[in-house]
């Protein structure tokens with residue numbers, strides 16, 4: 001059985017910008033240039049493998065409603081992947097897709113994202129909010 | 001220090017500065033305090049990891065919420081996607 005796998009156009013951007021994204025990633029999570037190339041290879045191979053097995057990875061059941069029913073597969077260009085402080089494997093990349101319309105009758109495997117697991121945006125947003133609060137606090141203190 | 005049995009929350013509370021000719025430069029810390037400190041560190045690392053998982057899902061949700069609405073006709077075939085990143089040779093029959 002072969003399933004139809006299609007990717008969001010944003011996935012192309014995910015892969016093309018993976019190298020540039022590493023500048024924002026802390027050193028212990030960062031991919032080297034060689035690892036970025038390997039990660040892109042792996043991502044394409046994994047997407048290809050969804051044609052025969054779209055049930056890989058784990059179903060996301062988090063608090064985020066939009067993620068419900070989507071699947072995530074963590075992977076890493078290094079084999080074995082880096083480990084966390086407990087010695088447990090900590091793959092740095094993830095592939096996210098959704099089987100549509102549902103898992104029992106798949107008409108389309110929609111690849112939604114291929115990205116590094118370190119997402120710097122929430123940290124940047126928090127840093128910006130903190131800086132705003134400090135500026136406000138400074139103004140109030142000087143008035 | 002060897003008689004101490006219970007670690008303190010602060011690593012430096014019972015530390016003693018030592019060094020050649022009374023000039024300091026090194027700290028002598030009870031083993032139980034170091035062990036207590038390392039336990040605290042592990043606990044913090046576990047908490048940080050949990051928070052990172054939460055942040056990971058939040059960031060992902062933000063990204064996916066826009067993409068889930070993309071009309072099917074605008075999606076790329078695997079062949080198109082692979083070609084766009086120079087990986088056409090990796091896509092074939094599974």
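Every number here is computed from the coordinates shown, using simple stated rules; none is lab data. Just so it is clear, the structure is predicted and the values come from calculations on it, not from any experiment. Note that we place each Cβ from the backbone using ideal geometry, even for glycine, and neighbour counts take in every protein chain shown.
Things worth noting here:
- 13 Å tail of the calculated P(r), the stretch A:27-94, as % of Cα pairs: 70
- Helix-only CD estimate at 222 nm, as mean residue ellipticity for chain A, using -39500 (n - 2.57) per DSSP H run (n ≥ 4): -11000 deg cm²/dmol
- Tail beyond 23 Å, pair distance distribution of the stretch A:5-118 (Cα, percent): 30
- Every helix of 4 or more DSSP H residues in chain B counts as -39500 (n - 2.57), and over all residues that averages to -16500 deg cm²/dmol at 222 nm.
- Calculated FRET value between residue A:83 and residue B:52, using beta carbons and R₀ = 22 Å, to 0.05: 0.90
- According to the calculation over all Cα-Cα pairs in the protein assembly as shown, the P(r) per 10 Å bin from zero is 7, 24, 26, 17, 13, 8, 4, 1 %.
- Cα-based radius of gyration of chain B once divided by 2.2 N^0.38 Å, which approximates compact folds: 2.24
- C-alpha center-to-center spacing [the stretch A:32-61, the stretch B:1-41] in angstrom: 48
- Taking chain B and dividing mean pair separation by its residue count, relative contact order in percent (alpha carbons under 8 Å, at least six apart): 19
- When you restrict to C-alpha pairs under 8 Å that are six or more residues apart and normalise by the size of chain A, the relative contact order lands at 27 percent.
- Nitroxide proxy distance, nm - points 7 Å out along Cα→Cβ at residue B:43 and residue A:13: 4.3
- Order of B:50, A:38 - criterion: other Cβ atoms within 10 Å of each residue's Cβ, fewest first: B:50, A:38
- For the stretch B:25-42, backbone nitrogen atoms closer than 15 Å to the point 7 Å from residue B:17 Cα along Cα-to-C-beta are found at B:25-29.
- Gain on full stretching of the segment that runs from residue B:3 to residue B:66 - 0.36 nm per residue minus C-alpha separation: 16.5 nm
- Placing dummy labels 7 Å off each Cα toward the beta-carbon, the span from residue A:139 to residue B:80 is 4.8 nm.
- B:51, A:27 arranged by Cβ crowding within 10 Å, fewest neighbours leading: A:27, B:51
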